[in-house]
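Have a look at the structure below before the remarks.
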Amino acid sequence: MNKHKLLIEYDFEFALLGISCHVKDYKLCWLLNKSIQVEFSQSDPIELAAGKKKVNYNVFMHDDEEMCTQFFIIANKSDGHYLVPEQKNIDYWLKVEGNYDENDVMELQKKIKPIPGVLTVFQLEVSKLKSKQNFIF
């Protein structure tokens, strides 16, 4: 019997900002809602296997139908595990999908930086992350 391999290529066409801060995820979303005029709401968590155990990472989403853009706030840490282990200094990820450009992402970064509790925010190149497949959901 012949063996067949299924090759899947994922689309990593999204912007990714790393956010380090000392606030809980729901409070960060509330502060972002006020600061960048969005309406994040809790979504289904990302569930990943960590050995024999399954770990859930909180996700908050805002769908801007007018701009055809989706925003996701994703927790990087849950139960001592990291969504992206090579970036342990990041508390939350802001994933931007859809109709955006580099200037939009830079403007977003400028608006997030002065939010109380946010220590730093910076853009990462998705293609350079080892765990980039964890952002496909």
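We did not get these values from a lab; they are worked out from the coordinates using the rules stated. Just so we're clear, the structure is a prediction, and the values are computed from it rather than from any experiment. Here the Cβ is made from the backbone with ideal geometry for all residues, glycine too, and neighbour counts use every protein chain on show.
Brief remarks follow.
- Neighbour counting of Cβ atoms within 10 Å sorts the residues MET61, MET106, fewest neighbours leading, into MET106, MET61.
- The angle separating the long axis of helix 102-112 from the principal Cα axis of greatest extent in the chain is about 60 degrees.
- Only Lys, Arg (+1) and Asp, Glu (-1) charged, at Cβ; the chain dipole about Cα centre in debye: 940 debye
- Given (i) 26, 19, 14; (ii) 38, 15, 12; (iii) 60, 15, 10, the label whose value is semi-axes √(5λ) of the Cα gyration tensor in Å derived from this model: (i)
- Think of it as helices only: each DSSP H run of n ≥ 4 in the chain is worth -39500 (n - 2.57), and spread over all residues that comes to -5000 deg cm²/dmol at 222 nm.
- Seen against the Cα atoms of the chain and their longest principal axis, helix 25-36 is set at about 50 degrees.
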